[in-house]
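For reference, the structure is listed below as structure tokens.
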Amino acid sequence: MGHSVQSYRGKHIVLSDAEIADVVGLLNTIVGDAAEGKAYRFFLDAWNEQFRTSGTGCLDLHFDELLSTLENRILFSEMIAFLREEISKYDKTIPMNLIGGQYVKKWFLSTRDIDVYSINNSINKIIDLVSL
């Protein structure tokens with residue numbers, strides 16, 4: 001599994017592609033399936049396109065582009081808060097079957113549950129990157 005550099009306003013972090021797949025997969029499944037998910041399609045569609053068109057080590061979440069307006073930054077914050085609220089319902093692991101087959105088939109050699117601590121750590125890295 002590769003690692004991809006994520007950038008926002010001159011700041012950079014490196015996330016493993018597994019971290020990106022976990023976060024985007026959970027966003028698609030947990031947030032995208034919720035009624036509020038329609039407001040977040042802008043982000044999810046862009047990130048899903050990355051999974052369709054990019055290989056390992058080349059995933060770009062396009063934060064500079066996607067967070068270019070105040071409205072989008074507010075939507076992103078709401079989306080992440082909603083995801084964190086849903087993740088908090090799990091004790092130690094989130095069942096992999098929540099993410100769905102499309103991510104399992106393309107990005108993982110074996111299925112595994114997602115560690116709650118690890119996914120929160122990945123989300124914290126993203127929040128730290130996009131914080132002003």
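Inside the range 1-33, residues that are closer than 15 Å to ASP128 by Cβ and among the small types (Gly, Ala, Ser) make up a count of 2. Taking the condition among the β-branched types (Val, Ile, Thr) and at pLDDT below 90, does ILE30 pass? Here the answer is yes, as ILE30 does meet what is asked.
The values are calculated or read from the model by the stated rules, or taken from the named source; none is laboratory data. In this text the structure is predicted, and so the values were computed from the model without any measurement. Cβ coordinates were reconstructed from backbone atoms using ideal geometry, including for glycine residues, and neighbour counts include every protein chain displayed.
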